[in-house]
Amino acid sequence: MPVAVTLNDQQLSNKIDYWYYEFPSIFMLDPNRGPDTGGTHVLLKGNNFDPLYRGPVKNYNDTFCRFGALGVVPAKVLNSTKVVCVSPPSFVLREVVVEVTLNNQEWTQDNNVFTYYKPPFLFDVEPLMGPIEGGTRVHVHGSNFEDTGTVRCKFGETIVPGQYENMNELLCVSPPTKKPGYVPFQVSVREDEFSSEEMAQYLYYATPVIESVEPTCGPERGYTHIIIRGKNFIDPGFDEVFCVFNKTIFMNTTVFEPDRIECSSPPVLNDHGVNEKNVRLYDIAITLNKKDLTDTKFQFHYYKAVSYTHLTLPTICSV
């Protein structure tokens, strides 16, 4: 509808269009509870969230969610029936009413309640990455851990059982996933009371594969420069990429390309220069997270270094 302004009941200003829309309604919140640290992505389900999508006017910048007295946060309109908002932190209020506005003035009055709880708090997660095949043992260090018998670990959207170790440690085993990438990592000690999804991100990577090792032998004193070629070699930047000899000896590694890494062989001589364990070869593997090793199809062989007791030079006769 065109709108204009007059100061004398005769001359009018330029007309601008004023748009009416059907008032939105919220049917439910999903989820309707989250940690008091905030950061929960709350999906509002209802109708008339995007009434002007066919017109020239877009009101997305004026669409907000209000979490009771905690304040207003931006809203992302997905379509006419779905809006997403991120819950703010709340360390005092345990229940707030969530409403939405499409013009930053008129708010819904549907009284959908969002409940806050005190979640497990994460200090450290080790490791924070693993292969897409899953099976990585992930140690979680933090607080607010209890032996409730219902410990759960959440990798992205996949929830798996966890194990209570002590009041500051939980154990999770990563489930398999279809493709590499980061996913939110969360834990809970009570049903649906997960830690904030913004506290930790878990990286799934494609399993590295060794295709060649060069050279495959070196002296017992060690530190032979080795070039390993293959695929899916990544450097996540946490100093956790190693060449692993005999599944127990970790040697520093440099990732040059996704198909090339380099490291050095470990010595097998003791401080007196003796190979007291008579080591002749070690299996070679690599790890990207200090935990999960590649298949050990390749071996590095050791030989005794050549030593000289004396050197005889040929006699050169002049004519």
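Summed over the range 191-242, residues that are open to solvent by less than 30 Å² (accessible area, probe 1.4 Å), within 30 Å of GLY149 (Cα to Cα) and assigned to a strand (DSSP E or B) total 4. Identify, please: which residue in the range 124-152 is touching a His at 6+ places or on another chain (Cβ under 8 Å) and either within 30 Å of GLU22 (Cα to Cα) or without any contact (Cβ under 8 Å) to a residue 24 or more places away in the chain (or both) and is, among those, most open to solvent (accessible area, probe 1.4 Å)? Looking at the filtered set, the residue picked out is ASP124. Of all residues in the range 96-108, those being at pLDDT 95 or above and open to solvent by 20 Å² or more (accessible area, probe 1.4 Å) number 2.
Here is the figure for the range 90-108: residues that are without any contact (Cβ under 8 Å) to a residue 40 or more places away in the chain and within 14 Å of ASN48 (Cβ to Cβ) total 1. Residues in the range 109-123 that are in a loop (DSSP other than H, G, I, E, B) and either open to solvent by less than 40 Å² (accessible area, probe 1.4 Å) or in contact with a helix residue (DSSP H, G or I) (Cβ under 7 Å, 6 or more places away or on another chain) (or both): PRO119, PRO120. Listed by first and then second residue, the pairs linking a residue in the range 159-172 that is without any contact (Cβ under 8 Å) to a residue 24 or more places away in the chain to a residue that is open to solvent by 30 Å² or more (accessible area, probe 1.4 Å), with Cβ atoms under 6 Å apart and 6 or more places separating them unless they lie on different chains, are ILE159/ARG152.
Close Cβ contacts (under 6 Å, 6 or more residues apart or on different chains) running from residues in the range 22-37 that are open to solvent by 70 Å² or more (accessible area, probe 1.4 Å) to residues that are assigned to a loop (DSSP other than H, G, I, E, B) comprise GLU22/ASN48; GLU22/PRO51.
Checking each residue in the range 261-299 for being part of a strand (DSSP E or B) and more than 26 Å from the chain's Cα centre (by Cα) picks out GLU262, CYS263, SER264, LEU281, TYR282, ASP283, ILE284, PHE298, GLN299.
The values are calculated or read from the model by the stated rules, or taken from the named source; none is laboratory data. Worth saying up front: this structure is predicted, and the values here are computed from it rather than measured. Counting neighbours? That spans all protein chains shown, and the Cβs are built from the backbone with ideal geometry, glycine included. Calculation scope for accessible area: heavy atoms of the full protein, side chains included, ligands and nucleic acids excluded. Shrake-Rupley method; radii C 1.70, N 1.55, O 1.52, S 1.80 Å.
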